[in-house]
Each structure stands twice: as C-alpha cells, then as structure tokens.
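Below is one structure, written out as structure tokens; the observations come after it.
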Amino acid sequence: MPAVDLSTIPVKATPYGRWQQLNGPLGLDAFGLNAVVCEPGEDIGISHDEAETGHQEVYIVVSGRAAFTIGDEQIEAGPGTVVAASDPAATRDYRALEPNTRIVCVGAAPGEPHPYGEWIDEAAPAGH
C-alpha cells in the first residue's frame, strides 16, 4: 500500500498557487488528488466552479487554517476539517489564514451510485 509523507513531495509553483501532485506517488486514477500550500495574503486565484466538468470536490485542511467560500457559505477550517463542494455549479474559493496552510484537494465527476461507508453502519454495534 503506497503512502507518502507530504514533506517529501515536490511543491510546484503555478499561477494558481503552490501544488503537490499526489495521484502518481499514490498510484491513484479514480479521482484527482493534490495538495496546495498557501500563506495568508497570497492571491492564488483559485475561485472557480466545476459546472462544465461536473466535478465534486472535497478539501481537507492538514495544517494551518483556511477560509473557504462554497457558493454563499463561508467556512473557517483548521486541521482535520473536511469541506465539500458537492454542487459542481457552486463557485468555490479558499485562502490561508495561517502560515504554511496545506489543503489536500480531492475531486472527480460523480460516478455510479456506490454505498460508500454503509459498511460502517452494518459493522457498528447497535446504539453506537
């Protein structure tokens, strides 16, 4: 099972921030997986929607703090917080609130319905 330490993955500067490509190192091709590293005040120009692609996206803050805008909703998030942009037409944007903020970004177009996570209900003892 591949695992990566984010501190060992090259950070590549783009017009949309400093990114780390994670699909290749992890051997994944079912969805997009990248990380972005950003600083307070850094303009990464990432505001966008996915109406054309139909992609849903999830953002996981792994260090620092970030402010997200998903459609009309404003969310502040710290390490361990997961933020979803489930409506592809919703404009999404984020910015760092603390130095060295790192966000793991996951995205893909919806596929066939799948009972992701339903096994947890089945495996959990009643009442938990």
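The values are calculated or read from the model by the stated rules, or taken from the named source; none is laboratory data. Predicted, not measured: the structure shown is a model, and the values here were computed from it. Note: ideal-geometry Cβ built from the backbone for every residue, glycine included; neighbour counts use all protein chains shown.
Answer yes or no as to whether R102 is assigned to a strand (DSSP E or B) and either in contact (Cβ under 8 Å) with a residue 60 or more places away in the chain or on the phi > 0 side of the Ramachandran plot (or both). In short, yes.
So the check is Cβ under 8 Å with 6+ separation or different chains; which pairs have a first residue in segment 23-35 that's in contact (Cβ under 8 Å) with a residue 40 or more places away in the chain and farther than 27 Å from A96 by Cα and a second one that's surrounded by 13 or more Cβ atoms within 10 Å (Cβ to Cβ) and of a type outside the set (D, E, K, R)? Hits for this filter: A30/A108. Filtered by the rule that a residue be over 21 Å from P88 (Cα atoms) and in contact with a strand residue (DSSP E or B) (Cβ under 6 Å, 6 or more places away or on another chain), segment 24-49 gives V37, C38, E39, P40. Residues in segment 12-34 that are out of contact with any Phe, Trp or Tyr (no Cβ under 7 Å at 6 or more places or on another chain) and under 21 Å from A66 (Cα atoms): 12 in all. Taking the conditions exactly as written (surrounded by 16 or more Cβ atoms within 10 Å (Cβ to Cβ), modelled with pLDDT of 95 or more and not hydrophobic (A, V, I, L, M, F, W, C)), does T91 satisfy them or not? Spelling it out, it is not the case that T91 is surrounded by 16 or more Cβ atoms within 10 Å (Cβ to Cβ), modelled with pLDDT of 95 or more and not hydrophobic (A, V, I, L, M, F, W, C).
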